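The values are calculated or read from the model by the stated rules, or taken from the named source; none is laboratory data. What you see is a predicted model; the values in this text were computed from it and never measured. Because the Cβ atoms are built from the backbone with ideal geometry, glycine has one as well, and the counts that use them run over all protein chains shown.
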Amino acid sequence: MAGTSGHVLVVDDNRVNRLMLCHALEGQGHQVSTAEDGRQALQLLRSEQQGTFDVILLDILMPELDGYQVLEQVKADDRLHHIPVIMISAVDEMDSVIRCIEMGATDYLPKPFNPALLRARLNASLAEKQLRDLELEYLEQVGYVIDAAAKVEAATFDAESLDGVAARDDALGQLARVFQHMAREVYAREQRLKQQVQKLRIELDQSRQAQQVAEITETDYFQQLQSRAEDLRRIIDGA
Amino acid sequence: MTSPSAVDRHVLDALLESVGGDQEFLGELLDTYFEDAPQLITAMQAAVAAGEAEELRRAAHSLKSTSATFGAMDLSAKCKDLEMMAKSGALEGAEAQIAVVATEYERAKAELETVQRGS
């Protein structure tokens, strides 16, 4: 499996273990943060660095909060539960490891750790996270298209709001581009229709006005008035 | 008659290989171990004095783990005994076992320092 790099959080109360894991992980191209206990780990995970961690390497036996409690809180937190957790364990802790996997841990790494095994298990977890991140992004963009459909019905749709989704080179991107095109076409037709209606209204008004004028000027009384006006003009001109 | 070695050299060699042959880094790891191990032994003694089985268990577990990392297998085994004692909650005999751990640590430290000087 091709290597990928990520941001790893190492949680272990033992300094030698933290040093060794940092050395191996940085040598494998990863960014590493460390925590000495479970409480510190959760503070980091929920800090401004939230969203930047790709994998957690978690020891079980620690002061403050132990590995079980950290795992439980990570899995219960909507912002964190998607981060893969690899338990760091001694070989005689298999019962503990099984319990952690049942609680949602992705994998385990026995101590003392083997660098090749660390690389393999970390890469597998990183690949899983990246797939999950892509899936979440896809679902978010499907949501944008669904929102757009609702806005078209409410006549509040802005075609440019789908530009991000339309830039994709997959089926969803094509759907978004078709949606934008259709929405723009509908809008253009509406505009043309409005212009035609406006033009018709003007013509209708003009026709109504002409009719009103004709109704007055074609009466006998109006024609008699016109005739008298002409007679008076002849008299004035003759005088 | 020479006493049995306190450090399994094969484990130490494997550790050096796992850190890419970086002698300087191995030296840093050993220095860290030499700083932390006495603190863990002190923590064990304090835990027994306070009747804190869980604290004793954590300290014994930690020293067990890193001692095995450096090939101090006898020391690791004695720490495991202490850890199991603490896990069961029975602290009778823990004080004596901590003394055994402390003695074994000094033996392992002496040998590791010899290795460190030789590298």
Does A:Val55 meet the test of being within 21 Å of A:Asn17 (Cβ to Cβ), free of Cβ contacts under 8 Å to residues at least 40 places away in the same chain, buried (at least 20 other Cβ atoms within 10 Å of the Cβ) and away from chain B (no Cβ under 14 Å)? no
Take the conditions over 25 Å from B:Lys87 (Cα atoms) and more than 14 Å from chain B (Cβ to nearest Cβ) and apply them to A:Val70. Does it pass? no
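Please state which one of B:Glu111, B:Glu24, B:Glu55, B:Glu35 is away from chain A (no Cβ under 14 Å), surrounded by fewer than 20 Cβ atoms within 10 Å (Cβ to Cβ) and charged (D, E, K, R).
B:Glu111
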Restricted to segment A:11-36 and to residues being acidic (Asp, Glu) and touching an Asp or Glu at 6+ places or on another chain (Cβ under 8 Å), the residue surrounded by the fewest Cβ atoms within 10 Å (Cβ to Cβ) is A:Glu36
For segment A:83-108, the count of residues that are assigned to a helix (DSSP H, G or I) and within 13 Å of chain B (Cβ to nearest Cβ) equals 5
Looking only at segment A:43-82, which residues are assigned to a helix (DSSP H, G or I), under 19 Å from A:Ser125 (Cβ atoms) and among the aliphatic types (A, V, I, L, M)? A:Leu44, A:Leu45, A:Val70, A:Leu71, A:Val74
How many residues does segment A:12-42 hold that are among the β-branched types (Val, Ile, Thr), within 14 Å of another protein chain (Cβ to nearest Cβ) and either touching a strand residue (DSSP E or B) at 6+ places or on another chain (Cβ under 7 Å) or not in a helix (DSSP H, G or I) (or both)? 1
Tell me yes or no: at least one residue of segment A:126-141 is in contact (Cβ under 8 Å) with a residue 12 or more places away in the chain, of a type outside the set (A, V, I, L, M, F, W, C) and farther than 30 Å from A:Ile101 by Cα. yes
Could you say which residue among A:Leu162, A:Leu126, A:Leu136 is part of a helix (DSSP H, G or I), away from every other protein chain (no Cβ under 14 Å) and in contact with an Asp or Glu (Cβ under 7 Å, 6 or more places away or on another chain)? A:Leu126
Test result for A:Val8, crowded, with 18+ Cβ neighbours inside 10 Å and away from chain B (no Cβ under 14 Å): yes
Can you confirm whether segment B:62-70 contains a residue that is outside any helix (DSSP H, G or I), surrounded by 18 or more Cβ atoms within 10 Å (Cβ to Cβ) and within 9 Å of another protein chain (Cβ to nearest Cβ)? yes
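Please determine whether any residue of segment A:62-83 is within 24 Å of B:Phe34 (Cβ to Cβ) and of a type in the set (Gly, Ala, Ser).
Looking through segment A:62-83, none of the residues is within 24 Å of B:Phe34 (Cβ to Cβ) and of a type in the set (Gly, Ala, Ser).
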Members of segment A:147-173 found to be more than 12 Å from the chain's Cα centre (by Cα) and more than 21 Å from A:Ala188 (Cα to Cα), listed by number: A:Ala167, A:Arg168, A:Asp169, A:Asp170, A:Ala171, A:Leu172, A:Gly173
Go over the candidates B:Arg57, B:Arg117 one by one and state the one that is in a helix (DSSP H, G or I), under 27 Å from B:Glu24 (Cα atoms) and modelled with pLDDT under 95. B:Arg117
